1. Given the conditions (1) more than 26 Å from PRO668 (Cα to Cα); (2) buried (at least 21 other Cβ atoms within 10 Å of the Cβ), which single one is not true for THR747?
2. If you take the residues in segment 1045-1081 that are of a type in the set (Val, Ile, Thr) and within 12 Å of LEU511 (Cβ to Cβ), which one is surrounded by the most Cβ atoms within 10 Å (Cβ to Cβ)?
3. Tally up the residues in segment 809-847 that are over 25 Å from ALA785 (Cα atoms) and part of a strand (DSSP E or B), please.
4. Report those helices (runs of 4 or more DSSP H) wholly inside segment 1336-1435 carrying at least 3 residues which are of a type in the set (Ser, Thr, Tyr), open to solvent by less than 30 Å² (accessible area, probe 1.4 Å) and modelled with pLDDT under 85.
5. What tally of residues in segment 611-649 results from selecting those that are out of contact with any Lys or Arg (no Cβ under 6 Å at 6 or more places or on another chain) and part of a strand (DSSP E or B)?
6. If TYR641 meets every condition in (1) open to solvent by 60 Å² or more (accessible area, probe 1.4 Å); (2) out of contact with any Gly (no Cβ under 8 Å at 6 or more places or on another chain); (3) closer than 30 Å to LYS280 by Cβ apart from one, which number is that one?
7. Would you be able to say whether some residue in segment 361-377 is under 25 Å from LYS616 (Cα atoms), open to solvent by less than 40 Å² (accessible area, probe 1.4 Å) and in a helix (DSSP H, G or I)?
8. Would you call SER114 under 48 Å from the mean Cα position of the chain (by Cα) and surrounded by 14 or more Cβ atoms within 10 Å (Cβ to Cβ)?
Amino acid sequence: MTTNGQCHSCRIRCTSVPSLVPECTPTGARLCVFTSARDPNISVHTNNPDLTPCFQNTILAWIPSIYLWAVLPFYLLYLKRYRRGYIVLSMLSRFKTIFGVLLWCVCWADLFFSFHELLQSKTPPPVYFVTPLIVGIAMVLATVLIQYERLRGVQSSGVLIIFWFLSVLCAVGPFRSKIMAATAQGQIKDRFRFTTFYSYFALILIELILSCFKENPPFFSPVNSDPNPCPELNSGFLSKITFWWFTSMAILGYKRPLEDKDLWSLNKDDISSIIVQQLKEDVAYVKTSNHVLNHVGDDPEEAEVLIRDKRQHKEPSFLKALLRTFGPYFLIGSFYKLIQDLLSFVNPQLLSALFSPHNAPSWWGFLIAALMFFSAVLQTIILHQHFQYCFVTGMRLRTGITGMIYRKSLVITNSAKRSSTVGEIVNLMSVDAQRFMDLVTFLNMLWSAPLQICLALYFLWQTLGPSVLAGVAVMILLIPLNAAIAIKTRAFQVEQMRYKDSRIKLMNEILNGIKVLKLYAWEPSFQEKVLEIRKNELRVLKKAAYLNSLSTFAWISAPFLVALTTFAVYVSVDENNILDAEKAFVSLSLFNILRFPLNMLPQVISNLAQTSVSLKRIQQFLSHDELDPNCVETTVVTPGYAITVTNGTFSWAKELKPSLKDIHLLVPSGSLVAVVGHVGCGKSSLVSALLGEMEKLEGHVAVKGSVAYVPQQAWIQNATLKDNILFGQQHNEQKYQNVLEACALKTDLEVLPGGDHTEIGEKGINLSGGQRQRVSLARAVFSDADVYLLDDPLSAVDSHVAKHIFDNVIGPEGALKGKTRMLVTHGITFLPQVDHIVVLVDGKVSEMGSYQELLKQNGAFAEFLRNYAPDEDTEEDELTSTADEEVLLAEDTLSNHTDLADNEPVTNEVRKQFLRQISVISSEGECPKKMSTRRRVCEKKSAEPSQPQKILPDKLIQAETTETGTVKLTVFWQYMKAVGLVTSLIICFLYCCQNAAAIGANVWLSDWTNEPVINGTQHNTSMRIGVYAALGLLQGLIVLISSFTLAMGGINAAQTLHAVLLENKFHTPQSFFDTTPTGRIINRFSKDIYVIDEVIPPTILMFLGTFFTSVSTMLVIISSTPLFAVVIIPLAIVYFFVQRFYVATSRQLKRLESVSRSPIYSHFSETITGASVIRAYGREHSFVSLNDLKVDENQKSYFPTIISNRWLGVRIELIGNFVVLFAALFAVLGKNSLNAGLVGLSVSYALQVTMSLNWMVRMTSDLESNIVAVERVKEYSETETEAPWIIEDKRPPEDWPTQGEVEFVDYSVRYRKGMDLVLKGLSLRVKGGEKIGIVGRTGAGKSSMTLCLFRILEAVKGEIKIDGVRISEIGLHDLRSKITIIPQDPVLFSGTLRMNLDPFNKYSEDEIWKALELSHLKKFVSSKPDMLEYECSEGGENLSVGQRQLVCLARALLRKTRILVLDEATAAIDLETDDLIQMTIRTQFEDCTVLTIAHRLNTIMDYTRVLVLDKGTIAEFDTPSSLIASRGVFYGMAKDAGLA
C-alpha cells in the first residue's frame, strides 16, 4: 500500500496545498505513513482513537458499494424467478426513491465540486473523484433496485437493508472524526464537503429506517383464499430473521390452549400435492435418464457390457430424485452453516484480543465487547436460518415420501402386497420417512464437523503449539469408546424393544379376553407372565443405564481431559512455556467448540447408516410391480355381452400356479349370473380376475362400462354411514332413500345413535357383520354402475334379510334389474330365480346353464345341491332351515330380527363397543371371529341413557380429559415419591457437588494463570497440574455417580408405577373394560410406560445438568464482577417470559401434531385393505387427495412447532449474548481491580451459557409434556377395584359345591350406576343336576343372569346361593374357580395349547389328553408335531372357529365342576361341531347342573325345564312340553323355529 511514505490511492500531497485538504495538518509532511492504511499511533495507542483520513475516504467508503455490486447479479437472477405480482406505488416507496435520488445528487455534487476545483487549477487528489463516482453509482443502483423490487412484488428487501446498514456503519467513523477535526481546529475547512457528508449521513440513516418498514402486499398476486394464511410470506426482512412473525401465535398459545383453527395454512411450497408432483417428475426424469444410459451405442462390445450392467440400471434411483427435488433448497441452509462455522471461531480470537495489550486503553475493551456481542448475534441469526432451511427440507421430505408411498400402494399387485404386510407399509410411512427427517437436520455435520475440527486445531496450534497433539490424541481415543457404547446401546435397544413388543402383545390379548380371564379366575397366571417379561425388560434397561452414565461421563469429561493433557504437556515440555490467562481460556473456548462436532459426527454417521437402510426399503417398495391397467378391456366387447372371458388363465402372482385355468365365459348384458362351487374353488378369484386384480397369464378379458363391486368381507371406511354409501357420488335424496329401503338399512338407521350421520369406527367396528355387508351393497347400488360383481354378499346376513335383499336388489324384480349382475353365492334358495349358473370346480368352469338344465345333467351342481340342502322339503321350511345358517358366516351375531324387532337400544352398547375399539389399530383385516366377539356382548346389555356426546374419536376424549394447561406440581411430587425421596435429594446434592468441582477446577486454572513469572518460568507447575487434574476427575466421577443414581431411580419408579398399574387393572371390574376403549388402556401400558422408562430419566438428567450449569455460570460472573447482578434481574424476567410463552405454545402444538398424525396412518392402512374396492369404483384420485389433505393437516401443526423452536432459540440466544456482552463490559470496567485470570474465567463461562440456557427451556418443555405420562398411569392405577379374590376367613370347603343347587332370591342387578335394572326381582331355584334352558329376546337379560353367577355383576338387592352358601360373601376366585362356563365366543391366548387349557399346571398330561379325547380334539392335536406344545397364534387364529369352541369344551371337561354354564354360540359353528358339543355335554356332565343360554331351541327341547325371560323378569318357567301346551311366549318362539 505505501511507497515513499505516500499512499497510492490518495496521493494527497499535503505540503503543496495545505488549505485544500482539511484533514491534512501541517504537522507532518508524510502523514500517510501507515501500514494497510491504518496508523497505530492514531488508531490504537491513544485514548482517543481515530482512523486515518486516507482509510476513511477509500476502503471504508467503498465497502457498501463493493457489497452491493457483489450481491447484485445473484439477486437479480433470484428476482427474475420470483413472481408475486407487483406492488402499487405507495408513499413509502416514493419517499425511498426520492431520498435515493437525493443521495445520488449529493454524491455527484461532490464529484462535480472536484471537477470545479480542477477547473480552478487546484488539483484535488484522485480519491475525491473515484469515491463519489463509486458511491454515486451504488446509490443509483440501490434506487433502481427499490423500484425493480416493487415491480417484482418484494415487500421487504434484505439486500437493501444490509446495504443501508453497512453504509451507516461505515459513515459513523468519518462522522466522528470530522467533528473531532473541526473542534480541534476550531473552524471548518472545506465546508462544501463537510455539508455534503452530513446530508449524505442523514439521508442514508433515513433510508435505513424506511427500509425497515415493509410494503403493502403485492397486487395481482395469486389470490389467497386462505382464511388464516401464514404471516411468514408477508413479513419483513427483520421479522423473518428474528422469527418475529411467530410471536402472535406464541402469545395466543400462552393465553389459551391452541386449537386446529388457530393454525396457519401451509405455504404453497409445503403443500403435499405440489411436493409429490415435483418428486414424481424427478423420479420420472431419473428414470428416463437411466433409460438413455441403457442404449448407448450399437457396438456389440458395448451391448455386451450393457447386458451385464442392465441389472444395475434397472430401477431409477429414488435418492437422485430426492436430491433433485430437495437439494437446492437444502444447499442454502448448508451455505448458512458454513458462515456460522467460520463465525464461531471469531469469539475465541476476540477473547485473546481482550487479553493482549496489557496497557491498552479502555475503549479497546469496549470495542472487543461490542464485537463479541455483534459476532454472537450474527451467529445466532445465521444458525437459526440454517436450522430453518434444514427442518423445512426435512418436513417436505417426509411429505414427499409419504405421498409417493401412498400413491404406490394404490397400484401395487397383490403379490407385491403379500411380500409386505399392511403394518410394514405403514412403517415405511411412519418410521422410515421420519428417519429421513431426523437425518436432514444434522446432515450438514458430515462436512461441517471435519471443518470445525480442522479450524479449531489450527487455532489451538497457534496458541499452544505441538502440545495440542496430546489433547487431540485423547479425543481420538474417546471416539472408539463412544462408538462402542453406541453400538452396545443399540443392541440393548433392540433387545428391549423385543420384550416391550411381547409385553404389549400379551397385554392386548389380556385386555381383549379380560372377561374370559375373570370367568375362569385365571388372572394370577397371566399377571405372572406379564411381570416376568417386564423383569427382563427392566434388566436390559438397567444395562443400558450403566452404558448411558458412561457415555454421559465421556461427554462431560472429554473437554476437561483434553484440556488437562494439553496443558500438562504444554507446561512440562519446556519450562519456558508459561500458561497465562490468554492461552488457557482461549484454548478452553476452542476445546468447547470441538466438543460438539466430535460428539455429533459418530451419531450422524450411524443415522446415515440407518437412513440408507430405510432408503433401500422405500426404494424396494417403490419398485414393486404395478397392476396392469389394461389387462381388462373396457371399451370393445362382443355386442350383446357385458362380460367376456376367452381362454383366461389367472394367478395371484406370476410365480404362483394359476388359480383359474381355461376360463370361457360370456355373460349377456342385463342378465343375472350365479357362480357356485365349494369353498376354495376360485369363485372370489373369478371376480378379482374380472376386476383386473389378478395376474393375467393368458387370454382376453373384457368388461363393458363401469363396475360396482361388493367384496366378501365388507370394506367400510372410517366415515359417516352416509359417506360410506355415497362414496364420493353426488347426493340424490330420492335415490338414496330407495337404496336404503332396498338394502334393509332403514331399520338400522333408527337404532344407530346418529342415524345415517353416525360415525363408523375403523373397519366398521360399530356395525354388525350383516350391517356392514348391507352398507357395502348399498354403496354398489347407489353407484349406478353397468356391471355388478357381488362376492357372496348374502352370507353375512340373516336368512330373512337375505331374502329381502335378493327380492328388492339383486333378483329379477330388484332395484338392479336390467343391469348385468354376477352373484357369487352359497345360498341355494335363490338359484331357481337366476338366469344362468356357473359351477366352478378347482379353478375351472365345470358346467353352465339354467337351474333346470343343470339339475337334469346330474353333475357337479346336483352334488353341490345335495351337500348344501339336506332337508329342504317345503318352501316354508326353506327359510328357517338351520342348514342355511350353517353357511352364514359367523359375523352377524346380533341376528337382525332380534335387534330390530324389539327396538331394543342395542345402540348404546354398540357405541360403547365402538369407543372401546376405535383406538386399537390392528394391522391386518380383522377376522370374523373377533368381530363377533365384540358384537355378541350386546345381547346382555340393557338400555342405558343415551349419551351422544360420547361419539368422539377416542383421541379427542383423551385430550379433553387430561393434558391441557400446565402440569400440576403434584405430578412431579408423585414421580419423586416413585423414585424415592432420599434418592431425589441425593441426586440434587450430587449435581451441586459436580458443579462445585467444575467451578473449582476452572477457578484453580484462573489462579494458576496468575502465578507470577520468575525468570521466564512458573513455579509449582506439578502441584498446579495435580490439583487441576484431581478437581476435574472428581467432577467426572460425580457425574458418573449422579447420572447412574438418576437412572436407577428412574428405573425403580418405572417398575413401581407399572406394577401398581398392572395390579389395579387385573382387579378392575368388567364394567370398566366395557366402557373404556382397549386402545386407551393399551396406550397407558405402551406409550406412557415407555415415556416413564426411557424418556423422563434422560430429560431430567439434561434438565438438571443445564439448570446447574446456568446457575453456576451466573455465580461465577457475579463473583468476579459483582455489578453483573444488576443485569441479571431484567434478563431473568425476559427469559422467564419467553420460556412460559414457548412452553405453553409448543406443548399444545406437539399435542395437535400427534393427534393429527394417527389419522394419516389409519387412513393409509384402511386404503391398503380396501384398495381393490377403491380401484373397482375408480376412486383413486379422491383418495390420494384425501391423503394429501391429512398429511397437510399434520404438517400444519408441525411447521409452527419448528418455528417455535427457532423463535425460542433466537430469543434465548440473544439473552445469552447479552450475558456475554455484560460480562465483557463489566470485566473491562473493573479491569484495574481484576486480574486477567478472572476476566478469562467470567467471559469464557459467559460464552458457554447460551447453549445451556437454550437447552434448559427445551428440557423444561419436554419434561412438562412427558411427565403427564405419570399422571395418566396414576389415573388408571387408582380406578375402583372389584371384591377381593380370596377372603381368608370366608373360604368355602374344597369340594364345594357338592350338590350344584342354585337359588336366586329376589335378585336385582344393573350394569352400572345410573342405569336401569337388567334383572328385576328374580326368584327361582334350580335343583342339583337339573338341565335348564334359558331363552328370551335380545336384551331380556339371559347373559346377565350367568354373569351374576360369576359376580361379574354385583347385586343391587337380593342374593344368590349355591348349595346354601351366599356367593356375595366369599372371595371371587373361590367362587369363579368352582363354576365352569363355556363362553359363546371362544377366546384363546397366544401360547401353547397346554397353557390355554391349564395355565396353572394343575392337571397331569393324562387328564389333559382325556379331556382332548372327549372334546374330539385328540386326533387334531396328536397329528401336530408339537402335540400339547402346539403354539396357538394370537386369538387362536391358526385354529378354526369350531376347533376353538372345542378347546373351550376341553377346558370345561378338565375343570369338571358341579355347575356348568353354557352360553351357546349363535352362528359361529357348523352344525357338526355343535352336535359334538351337545353330545359330550349330555354324556360327560350328566350329573351336573347345566344352565344353557339357547339361541337354537332344538338343543334344549329335551331339557328338564326352560326359563323364559322377558325384560329382566321371569315370563315362564316349566318343562318344554308343558310350555308348548300352554301356548305362551315359548310356543311362539318354537313355532317361529318350525319346532311346534
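The values are calculated or read from the model by the stated rules, or taken from the named source; none is laboratory data. For clarity, every value in this text was computed on a predicted model and none was experimentally measured. Neighbour counts are summed over all protein chains in view; Cβ atoms, including those assigned to glycine, are modelled from backbone coordinates with ideal geometry. Just the protein is used for accessible areas: all its heavy atoms, side chains included, with ligands, DNA and RNA removed. Shrake-Rupley method; radii C 1.70, N 1.55, O 1.52, S 1.80 Å.
1. Answer for THR747: the failing condition is (2).
2. Looking only at segment 1045-1081, we keep the residues that are of a type in the set (Val, Ile, Thr), and these are 1045, 1051, 1056, 1060, 1068, 1075-1076, 1078, 1081.
Next, from what is left, pick out any that are within 12 Å of LEU511 (Cβ to Cβ): 1068, 1076, 1078, 1081.
Details: THR1068: 19, THR1076: 20, THR1078: 22, ILE1081: 24.
Here the residue is ILE1081.
3. Residues meeting the conditions: 7.
4. Details: elements: 1342-1349, 1372-1376, 1393-1397, 1405-1414, 1418-1423.
The helices (runs of 4 or more DSSP H) meeting that bar are 1342-1349.
5. Total meeting the criteria: 10.
6. Condition not satisfied by TYR641: (3).
7. Checking segment 361-377: not a single residue is under 25 Å from LYS616 (Cα atoms), open to solvent by less than 40 Å² (accessible area, probe 1.4 Å) and in a helix (DSSP H, G or I).
8. Working: under 48 Å from the mean Cα position of the chain (by Cα): no; surrounded by 14 or more Cβ atoms within 10 Å (Cβ to Cβ): yes.
In short, no.
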